[in-house]
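Beneath this line is the structure, given in structure tokens, with notes to follow.
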Amino acid sequence: MKLIHTIVAGILLSAIVHLDAKQSDTDYAKKRKEMVETIEKEVQRTKGLLGKDKLSPRVIEALLSVRRHLFVPPEYREQAYENRPLPIGYGQTISQPYMVAVMTDLLEPGPEDVVLEVGTGSGYQAAILAKIVRKVYTIEIVEPLALQARERLKKLGYDNVEVIVGDGYYGLPEHAPYDEIIVTAATGQIPPPLIRQLKRGGRMVVPVGSVFGVQQLVYLTKDANGTVQMRQIMPVRFVPLTGKR
Ligand code: SAM
């Protein structure tokens, strides 16, 4: 009799745990939807800078599906869908969702594209890109962050992301050229190796300026002849691109 009680209690407990997990998944999905609505309002508000008032449906779809709460430390989980950067340890941050959305949208990523990211951090931006493109290579200089992000992305099934430990200043020549390049740390000057590794017809976004103050988000394009053009989009504030250079 006691054994039966124990078994029934066990089954009930696992049903409760399962229901609880389902419930919090639904709650997080609702929070994600609210986050996207906030981002869309912010895009409307900044349309003068962005030159558009709507994000592409692909970007919205990715923002709705990537579980940002699994990319932040447990103590920040409840704030994961607020429109702001959060600490991820080692003095680094996961970028503000609006900024992730705008940078991804500027890249105009397509389903067959190969993208290079400099500054993996939590792996969230890489996961957003991975929902849209064929392959993402992402470089992180802080080894423990790179290892955590690699593990997290693997566990969550992002099989088209490769995390590399290293100095992203030099890019990743072995897989170049890239359709798009995104730099998620501030640099005084756009690293020339990254410009070289961008495909003709490709796009890059990178925060350029004082690494301890405000930078300009720069949108760079390379045309079919290899001519590079740059446009400043808006003032931004990113952690510095570190490394030897
Ligand atoms: N994209 C990240 C995300 O989704 O969580 C946020 C990136 S955080 C704002 C900037 C990251 O760039 C940090 O993790 C930092 O360690 C990294 N970083 C700084 N300098 C770097 C370099 N030279 N090469 C590669 N990563 C670098």
Checklist line | Distance violations [Cα-Cα > 27 Å] among K31/K199; K31/K52; K47/K154 | finding: K31/K199; K47/K154
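When ranked by the protection proxy of mean other Cβ atoms within 10 Å per residue, highest first, what sequence do the peptides 185-193, 110-118 form? Mind showing how you got there, number by number?
Details: 185-193: 17.8, 110-118: 19.8.
Packing order, densest peptide first, comes out as 110-118, 185-193.
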Next item on the list: Would you please state the base-10 log of I(q)/I(0) at q = 0.15, 0.16 1/Å for the chain, with intensities from the Debye formula using one equal scatterer on every alpha carbon?
Entry: -1.02, -1.16
Notebook entry, point to check: Can you give the extra length, in nm with one decimal, that the chain gains between M230 and A29 once fully stretched, where that is 0.36 nm per residue apart less the Cα-Cα distance?
Noted result: 68.7 nm
Item checked: Chain lengthening between E75 and D223 when straightened (0.36 nm per residue, less Cα-Cα) -> 48.8 nm
Notebook entry, point to check: Between V211 and S56, 0.36 nm times their residue separation minus their Cα-Cα distance comes to what?
Noted result: 52.8 nm
Checklist line | Highest-MSF residue in the chain out of G123, G171, G91 [GNM, Cα springs under 10 Å] | finding: G91
Checklist line | Integer Hz, Karplus 6.51/-1.76/1.60 couplings in order for the stretch 74-87, x for Gly and Pro | finding: x, 5, 10, 4, 6, 9, 4, 9, 7, 7, 7, x, 9, x
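Bear in mind that the values in this text are calculations on the coordinates, not laboratory data. Given the structure is predicted, the values throughout are model-derived calculations rather than measurements. Positions of Cβ are backbone-derived with ideal geometry, glycine not excepted, and every protein chain shown enters the neighbour counts.
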